[in-house]
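First up is the structure itself, then whatever we jot down about it.
The values are calculated or read from the model by the stated rules, or taken from the named source; none is laboratory data. No experiment lies behind these values; they were computed from the predicted model shown. When we count neighbours, we look across all protein chains shown, and the Cβ atoms used for this are built from the backbone with ideal geometry, even at glycine.
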Amino acid sequence: MGKRLIREIASALGRRGEVVAFPRDVYPSGAAQHGLQRCDLILALIDNELSRTMALQLALQLALDAGRDYLQAGTDITLADDGAIAGLRAEVTGAETGRYCPICSGRLSPAQAAVEARVYAGGDIAAHARAAGYLPDVAAPAVMGLNAVAAGMLVTEIQRRAAGIGVRDLLQLDMQTGKFRAVERVATGQACDVCGAEPSAMRAEPAPATASTGTPVPKQ
């Protein structure tokens, strides 16, 4: 359905729309590299840090320097010390070469990606990681309602960019507190080896709390 809608929208604008979809686990294959180079807009809609990190790195290496846009959407449920729900966040964030990306602002965690890589390694590596507590068997919460909100925010941001209204680094809605944030420029205060951002070029609001799709609620 998504592919059909994109093609219909492109046709209404007098353009030919093409959708290049990758499986959940993105690796730096030749097919992935070729596909990203053909895209005007790159969406990372995957629910683990490993795949998101690899998708971001591929996009920064191969596509964003040529003027492509990158966006990722996610959701997050956080708990207070007493176990009560403290936050129900839906989020959309972007990336630009040399300025800002989800890694340097804390939206993605390379450390968590390294932990998740052990799952894909399987066998003794995954078994050892699970025994050592790195891979706790904690069920992810149901986030379907939050995902729908994040998807709507993502569509709105895509429409803004397509219409030339402007680019925002971060959109975040907390349905528990009712707070909404729309940040045009996110400051991280540190250099980034991934996107190449320099601290002196970073300004505006600091990055708020991280949200990532399907993040398990930690055991209390």
inquiry  = Given the criteria surrounded by 22 or more Cβ atoms within 10 Å (Cβ to Cβ) and farther than 18 Å from GLU184 by Cβ, does ARG89 qualify?
reply    = yes
ask   = Restricting to the stretch 157-183, what's the tally of residues that are among the β-branched types (Val, Ile, Thr), without any contact (Cβ under 8 Å) to a residue 60 or more places away in the chain and either assigned to a helix (DSSP H, G or I) or closer than 19 Å to GLY87 by Cβ (or both)?
value = 1
task = Identify, by number, the condition in (1) within 20 Å of GLY196 (Cα to Cα); (2) basic (Lys, Arg); (3) modelled with pLDDT under 80 that ARG38 doesn't meet.
result = (1)
task = Taking the residues in the stretch 62-81 that are among the small types (Gly, Ala, Ser) and part of a loop (DSSP other than H, G, I, E, B) as candidates, determine which candidate is farthest from GLU157 (Cα to Cα).
result = ALA80
key: THR53 vs. criteria in a strand (DSSP E or B) and among the hydroxyl-bearing types (Ser, Thr, Tyr)   = no
message = Being loosely packed, with under 13 Cβ neighbours inside 10 Å, at pLDDT below 80, among the β-branched types (Val, Ile, Thr) and out of contact with any Gly (no Cβ under 7 Å at 6 or more places or on another chain): is that true of VAL138 here?
response = yes
query = Within the group ALA204, ALA121, ALA148, which residue is at pLDDT 85 or above, surrounded by fewer than 18 Cβ atoms within 10 Å (Cβ to Cβ) and over 25 Å from GLY83 (Cβ atoms)?
reply = ALA148
note = Residue hits (the stretch 41-65; among the aliphatic types (A, V, I, L, M), at pLDDT below 80 and closer than 29 Å to VAL143 by Cα) are ILE46, LEU50
query = Under the condition of being closer than 23 Å to ALA162 by Cβ and of a type outside the set (A, V, I, L, M, F, W, C), which residue from the stretch 53-83 is surrounded by the fewest Cβ atoms within 10 Å (Cβ to Cβ)?
reply = GLY67
